[in-house]
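The values are calculated or read from the model by the stated rules, or taken from the named source; none is laboratory data. Keep in mind that what you see is a predicted model, and the values were worked out from it rather than measured. We work out accessible area using only protein heavy atoms, side chains counted, and drop any ligands, DNA or RNA first. Shrake-Rupley method; radii C 1.70, N 1.55, O 1.52, S 1.80 Å.
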Amino acid sequence: MSFKAEQRDIDYLLSNKLYEIPRNQRRYVWNKDNWDDLWSDLEFIVKNQQYGKRHFLGSIVLREEDKVIGIQRYTIIDGQQRIITIILFMSALVGVLKEHELEDDFKGTITKLIIKDLKNQDNCVLHSDFHTCIGDIVLKVCDSNDKRPFKELLESCIVNKKDDKNIRQCCLYFYDKLKNLDIEKILLLRDMMLGTSYVDIVATTDEDSYTIFEILNARGQELEDHELVKNFVMRYIQPQELAKVDRVKSDWEIYIDRQLGTSVKRFFSHYSVHKYTEREKKSEVYKTILKGTNRENVNDFFDDLKLKAGYYSIIEKPICEGDDQNCSFEEYRIFDFLKRKKAVQFRPIILSLMHMNKLDKLKDDDYFKVLNFIYYFYVCFNVIGEEKSNKIDEPINKYASLIERDMNVETVKHFMKSMIERLPPREAFMLKFESIGYSNHVKFYQGSKNKERAYLVLELIEQKMSDRTKIDEFTIEHVCPDSQGEENACIGNLIPLEKGLNDRCEDNIVQDKIKIYEDSGFSTARKLAKRIEKDDGIFDSKKRSSYLGKMLYDDIVNYLNEGNIEK
């Protein structure tokens, strides 16, 4: 491995060199916390200058490129965030010097931000395809003929308000810090910045630069896993010489960054579980992907990554109607439910099931049955049983990759069986089920948490009673008035009912409600009316609670019986 490493200062970094941000680098993400740290360090150095204090920026990794029109160029491999921040700091400082009409200091300082080529044209010392506004800011603030105030000049350069938000805020942060200081301190801060030291590491080949990049970020201390994966992909898929567009860079922006947005970190964590049987620690996503990907097949890996990112965006934002429809109603019902419950641990297995369904290796009927099983299981395991989600990580992690790698119906059944085995025993389940309740009158059962728990269980019961998955919204009806006793708040006394019918029920006795229940569109209400009539008007909520709990438990335990999933 060939490279040079020397201790330098920022004055050397910003002297007659042009830096380019490569396609694999992330956008500018530093924020006020980072700027505060830098500003505090500079102020500390200024106060302690007599002791020879210097700020240290760490290492900056560069790849040396050929000269263009007489300018020595370098590609930034590691250190982009720091270099951009330094240039924006210096730009704000130059803006203040210009506003104070300090011509000599202004002209002397702009030599650190612009460089002339052999055609005597001014060039910003940093070139970024993503943040083109940086070059505009530097050239305008360094133009002595542009007399506009710095803030006005800055706004004229920010075209993309969203992508360049941090660039704008960084410039304003340092400008606001500098503008009210006396000139002597401003110049001292400039000198301290230029005197800041760093380790300058210059590689001469692509391979060496990428290797150094990975070594410095091996523990993910500076970059997220998805940024390391991006570096890995771009390392092994180089742009075509004659191509006008860098396909990988463009595809990553479209299919990964834009499509996933703030979910990108979670996607890569779930992708590694879904894709690879042999995994490193849960936190070492990049290592898992690196270990499981053949360098010669990086194109295939990237295609798969884009495909799964598309699936993940559907799981994250399901739409079943309109021009933007991306999934069926059945998928929407499950994905939306799991999202609202923040049950993200199922996503690796759903990625695998969805992929197998798209490949027609898992028939639609079976695919929907497994999705419905996941919903059913969640209600029984998490909502009723109140079990911890980490108890089901092992089967999800195991079978997600097995289904993805070698799909067959038996593997899907083994997954379901493994999940069922983690349900609480029947006795424990029944105790939890019978403790469910909701009431505005009974303090123990008040609150939105109790109401939501009861609602979800009643919704599942209605699905079982009606043999339908699409259940309209309903209100919770207390068969016997909950104002007349704590036992009337329990699940055995609750049914789903339309609001209008519920209003008609008021606090009437059970026998007077039968006709109202018969008018309901909910099977639970109609079947209960028939049961009460058959029992001569007698209603036993405890007996009903026991019946319903056993029904749900037996149905989920016996879900794999013949007829549910085809052989």
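When we measure straight from the Cα of residue 287, which aspartates and glutamates land under 14 angstrom away, once same-chain ones fewer than 8 places off are left out?
Qualifying aspartates and glutamates at Cα under 14 Å: 214, 224, 225, 227, 278.
Show 272, 144 ordered by accessible area, largest first, where the area counts protein heavy atoms only and the probe is 1.4 Å.
144, 272
Mind counting lysine pairs for me in segment 63-155? Cα separation below 16 Å, and the two need to be 8 or more apart along the chain or on different chains.
Number of lysine pairs found: 13.
Not counting ligands, DNA or RNA, and with a 1.4 Å probe, what is residue 6's accessible surface area in Å² rounded to the nearest 10?
80 Å²
Probe 1.4 Å, all protein chains in place: accessible area of residue 57 in Å², nearest 10?
Accessible surface of residue 57 is approximately 30 Å².
Residue by residue through segment 107-118, what is 3J(HN,Hα) from phi via Karplus (6.51 cos²θ - 1.76 cosθ + 1.60, θ = phi - 60°)? Round to whole Hz and write x for glycine and proline.
5, x, 6, 5, 5, 8, 10, 10, 9, 8, 8, 5
Tell me the accessible surface of residue 369 in square angstrom (1.4 angstrom probe, heavy atoms of protein chains only), to the nearest ten.
Probe radius 1.4 Å; accessible area of residue 369 about 60 Å².
Once every DSSP H run of n ≥ 4 in the chain is given -39500 (n - 2.57) and the sum is divided by its residues, what mean residue ellipticity at 222 nm do you get, rounded to the nearest 500 deg cm²/dmol?
Rounded to the nearest 500, the figure is -16000 deg cm²/dmol.
Long-range amide H contacts for residue 17: which residues qualify at under 5 Å (H placed 1.01 Å from N, peptide plane, sequence gap of 5 or more or a different chain)?
none
Within the accessible area of the chain, what % is carbon and sulfur when the probe is 1.4 Å and the other protein chains stay in place?
Solvent-exposed carbon and sulfur of the chain make up 46 percent of the total.
Order 258, 340, 531, most accessible first, counting only protein heavy atoms with a 1.4 angstrom probe.
Most to least solvent-accessible, the answer reads 258, 340, 531.
With Cα Rg over 2.2 N^0.38 Å in mind, check [x] 1.21; [y] 0.94; [z] 1.31 and report the label derived from this structure.
It is the one labelled [z].
At a 1.4 Å probe radius, which order do 419, 192 fall into by accessible area, largest first?
Per-residue accessible area, sorted high to low, gives 192, 419.
Kindly report the accessible area of the chain per residue (heavy atoms of protein chains, probe 1.4 Å, no ligands, DNA or RNA), in Å².
On a per-residue basis, 49 Å².
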